[in-house]
Each structure stands twice: as structure tokens, then as C-alpha cells.
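These notes concern the structure reproduced below.
The values are calculated or read from the model by the stated rules, or taken from the named source; none is laboratory data. Predicted model, so just to flag it, every value in this text is computed and none were measured. As a convention, Cβ positions derive from the backbone with ideal geometry for all residues, glycine included, and neighbour counts pool all protein chains shown. Note: areas computed on protein heavy atoms with side chains; ligands, DNA, RNA excluded. Shrake-Rupley method; radii C 1.70, N 1.55, O 1.52, S 1.80 Å.
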Amino acid sequence: MGVRPGPCPLPLEPRLLAKPWGGRRLESWGKPLPPQGRVGESWEIYDDAEGSSRVAAGPAAERYLADLARAWGPALAGTGSAGGGTFPLMVKLLDARENLSVQVHPDDALARELHGPAARGKSEAWVVLEAAPGARLYNGFRPGTQWKDVERALERGTVDALLNAREARVGDLIEVPAGRVHALGAGCLVAEVQQNSDHTYRLWDWNRLEGGRPRILHPEQSRRALRFGAEGC
């Protein structure tokens, strides 16, 4: 491969994603945003079917993380990594100008069952970098919540009343294991470290419309993924 694995830094080029709930604050964190539009995500480290991080400088400049993960193996990703040779983690910056959907991710076993033998589940963690006054984090259901309560709240459009919520504070570290319902509230800007997986089941979206219609939800997948009793905050 031309470059031997070693303790050299790998500065990576980010991927910017436009999102209807995004904003413009990533520009103040050094991201070259397009002149217009809402940018919700900056993928700092990624390696998936749609592409892979490119090294920006250093001995491995212009190489892709996918190539290095295959060539260097455990020397890059650690001996516990698995999943088809892809890099096991993703790191993102998320700018929530509006509430993100209330969602849940599968664990490894359910991901493999629903998406194939090489699929990973998705546990993640947030570090709050900025928080507007009154910004909220939603992490888990209130104690005692059961699926029948969720079904009733979905019918009434009141799922938010079942959620654990807390004020977001700069420096907060929030763990969100697979199976726990969660959402970033409007005004939060966070760094997210997660398993390398994009399997997300949207349980509810604040009765928001997209193109004049309610957004697509995934109630059955959510029901199977949810772990009640996994309260957060």
C-alpha cells in the first residue's frame, strides 16, 4: 500500500450533509459551508457503502480510510473491530436548528436479522459543544412506559410527553445505547461518536410535515428495537 501503519495522525476531509433541521453554525467550527442552505451534519470520520473519509495530509495523503482499514486491519481499528473490514466507528458534528426526529437504533443482533449478516447495530454518545438557552436533550422514556403507552401517544401525536428530557449544557456527555429512544432538541450542536451504522428507525417526528405530508415513520421496526427500562438523562 506504500504507507506502513504507525503512530502518525490522519487528518480527514469531512462530508457535509444538508438537512431540513440543520442550520449554519458549523461554519463557526471551521466547516466551509455552501453559500445557502441548512447543513445539519459534518461527517468527520466515515466508511460506508457510499464512500469513505479521505486523508487530507501526511504520509497517507489522498488515501481513503476504507483502503487503510483493509490494509492495516487491527493496527488501525483495534483487535476487537469487525464487520466486513470497514472502520468500526463514525464521528459526526450535528447542528440541530430544529428538533430531530424521535428515533431508535437496533442492536447488533437485530441489525443482522433485519439488514444482513454484516450489519452493525448503532450505539452512540453525544458531547454538547453549543446549546442555545432552553435547548433540550431527549434520552429514553419516562419510567414505567410500555409499548401500549407509545401506541396511544402515536395516535394522539403526544409522544414527547413520554420522553425523559433535560436541559442541554455545554460539556454534557450523553450515552445513547442501541434500543434507547432519543432525540436532539432544537438549539443543540453536538459531537457524536457512534458505531459505523446508519440503521435508524423513526418513531415520531413532532407531527412535522415534509412536502405537505407526514414524514415516513417506522413503528414496527421501532417496536422491535426499543428497550424499555433503558431510561437516560
| So which of A178, A165 is more than 24 Å from G23 (Cα to Cα), in contact (Cβ under 8 Å) with a residue 24 or more places away in the chain and in contact with a Leu (Cβ under 9 Å, 6 or more places away or on another chain)? | A178
| remark: Matching residues in the range 54-68 (surrounded by 20 or more Cβ atoms within 10 Å (Cβ to Cβ) and free of Cβ contacts under 8 Å to residues at least 60 places away in the same chain) number 3
| task | Please identify the pairs in which a residue from the range 192-216 that is acidic (D, E) has its Cβ atom under 6 Å from the Cβ atom of a residue that is open to solvent by less than 50 Å² (accessible area, probe 1.4 Å) and modelled with pLDDT of 90 or more, counting only partners at least 6 apart or on another chain. | result | E192/K92; E192/L94; E192/E124; E192/W126; D205/S101
| field | Single residue of G83, G51 found to be open to solvent by 20 Å² or more (accessible area, probe 1.4 Å), at positive phi and modelled with pLDDT under 90 | value | G83
| remark: Taking the range 187-233 and keeping residues open to solvent by 40 Å² or more (accessible area, probe 1.4 Å) and within 16 Å of the chain's Cα centre (by Cα) leaves V193, Q195, D198, H199, T200, R202
| task | State whether the residues of the range 191-201 include one that is among the hydrophobic types (A, V, I, L, M, F, W, C) and either within 25 Å of E50 (Cα to Cα) or modelled with pLDDT under 95 (or both). | result | yes
| query | Within the range 90-112, is there a residue that is open to solvent by less than 30 Å² (accessible area, probe 1.4 Å), within 19 Å of R202 (Cα to Cα), touching a strand residue (DSSP E or B) at 6+ places or on another chain (Cβ under 8 Å) and of a type in the set (V, I, T)? | reply | yes
